[in-house]
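Below: the structure, in structure tokens.
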């Protein structure tokens, strides 16, 4: 487990000041016990903390004098590395990078990011994994390029000016995350999947070492595809497990985490499982039933929705008295089913969207997707001129993203977009707070080799979890004998489900929890509205005051509007009131 940060000088005559290095070193981790490891010369400074989750170092200085730092695990599938550990994989990659060869990254199946510096050439590189799951942010400030694997590090640096990108924050509030490599701040970017940024002699150059939309289709029967999918998935689990005899994992009432646990058990591992759903729900009941049938050692902690799930798992795991019965070889590594429903189940690709895409109606498909997923920029809280510019923005921006994916099948292009965007943004908070909860995720459904295989097989048999449900036949019988929560509109669970068990989509939080959330939101919005530095160029204060009072007095629930406003307010405050408007309006703004 690693957090990395650093700075490159773009000008050979400009040295990196001590104050910059000290600031990076001070902010790389919020845990005072962490001991940063650093590399420095006149043109580069790299710093990292490693919390020992993988038992292998993630930094290396080569005989040629180059230096590299790594987060996560590359998990190369090619021949060449001297061993299975990430230290051996980093050594292999660094040897290739010394030669300017980044094509070896095509065989990386893991979740990682890296920074590399070659003092002989005065060249630095920033590297993303094939799905961009491990964030790496960068920004250019005068003669320097700052970078970090957590956005909070760049936010904390006085040397990095923060300017709120209003449109990106609108995308965050309305779509869930900014498109492309955007962040809430103008000039700060997040590496894209398969991206390498090269810093050399003052220039920044971006390239990609792999193209997801160029994967050639394979001709196979459905049975052959099912067999190969199981083989590749089990290989992804085995590659990450590396012979460990004991481990722990999330276990919900759905299929994704169940299949991960089943694959671990098939490898002979002893598995502690944890469920944090609301009490007396399908999620809780089905997880318990499967754990009992499969032999997993199960823990339940009914939890209200909304917390940092990584922190909940960390606290529960460390407090569990049973963990000492047989301690995992890697007690900071937890398994999760993240990604299975998107990559293998084709969730969000609804029948209506498929029909519209196949008929050539891209705009209609985009409208349906935005409506079905409740994605909308709330314009009534925005300054009127800004609101006009935001009308239709999500549609236009999503259209540009889909048109940039060069695939002849528009449904496959849509599937590629979903897999290369939502997953990496969904994991951001986990990596942003990793210095506090100190857990690494193993996410075999995000294995790049697995997803590459899924991109190549026939698409239509996979829609709506149809292929997924057939795939279950390759697992132990308990996987398909215990009911599971099925997505609405997808292949239903063939096992009968008790009528008195609500699913995760219709189960409300307790009234006490809802009341506590309302009080907190009302308090935070009151602070925002009283603030003398309220962002008047962006938000309509009068509308927000009306909405707050209407909700407080019980006339109508406006929590969604206050949450959206607080997103703008948060980045406004971090940016010290500096902001960047859309170009058409920014022309008249100083």
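Values quoted throughout were computed directly from the atomic coordinates according to the rules given, and no laboratory measurement underlies them. Computed from a prediction, not measured in an experiment: that's the story for all the values here. Cβ coordinates were reconstructed from backbone atoms using ideal geometry, including for glycine residues, and neighbour counts include every protein chain displayed.
Things worth noting here:
- Sequence ranges 283-289, 302-308, ranked by mean other-Cβ count within 10 angstrom, highest first: 283-289, 302-308
- Here the calculated FRET efficiency for residue 35 and residue 359, from their Cβ-Cβ distance with R0 = 45 Å, stands at 0.15, rounded to the nearest 0.05.
- For region 138-211, the average shadow cast by the Cα convex hull is 5.6 nm², which is a quarter of the hull's surface.
- Highest average packing first - 27-40, 155-168, Cβ atoms within 10 Å: 155-168, 27-40
- Stokes-Einstein D (µm²/s) once Rh is taken as the Kirkwood radius of region 357-417 over alpha-carbon pairs, at 37 °C in 0.692 mPa s: 259
- Cβ crowding within 10 Å ranks 390, 21, 259, 78 as 78, 21, 390, 259, fewest other Cβ atoms first.
- Shape category assigned to region 2-210 from the gyration tensor of Cα positions, a/c cut at 1.5: rounded
- Tensor-based shape of region 124-170 (alpha-carbon gyration tensor, a/c under 1.5 rounded, otherwise prolate or oblate): oblate
- Separation of region 111-131 and region 306-344, taken as the distance between their Cα centroids, equals 30 angstrom.
- Size-normalised alpha-carbon gyration radius of region 371-520, reference 2.2 N^0.38 Å: 1.37
- With contacts taken as Cα pairs under 8 Å and at least 6 residues apart, the chain reaches a relative contact order of 16 percent.
- Computed from the C-beta positions of residue 55 and residue 238 and an R0 of 25 Å, the FRET efficiency is 0.90 to the nearest 0.05.
- Shape call, region 98-153: gyration tensor on alpha carbons, a/c limit 1.5: oblate
- The peptide list 336-346, 228-238, put in order of mean Cβ contacts within 10 Å with the highest first, becomes 336-346, 228-238.
- Using a cutoff of 8 angstrom between alpha carbon atoms and counting only pairs six or more residues apart, the relative contact order for region 511-586 works out to 31 percent.
- With the alpha-carbon atoms of the chain aligned to their principal axes, the span from lowest to highest coordinate is 68, 66, 54 Å, starting with the largest.
- For residue 99 and residue 555, the difference between the fully extended length at 0.36 nm per residue and the C-alpha to C-alpha distance is 157.5 nm.
- Once you reduce region 470-549 and region 1-50 to the center of their Cα atoms, the two points are 39 Å from each other.
- The modelled label-to-label distance for the pair residue 570/residue 211, using points 7 Å beyond Cα in the direction of Cβ, is 3.7 nm.
- Estimated inter-spin distance, residue 460 and residue 15, nm [label 7 Å along Cα→Cβ]: 6.8
- The chain, helix-only ellipticity at 222 nm - DSSP H runs n ≥ 4, -39,500 (n - 2.57), divided by all residues, nearest 500: -11500 deg cm²/dmol
- The relative contact order of region 357-417, computed from alpha carbon pairs under 8 Å that lie at least 6 residues apart in sequence, is 35 percent.
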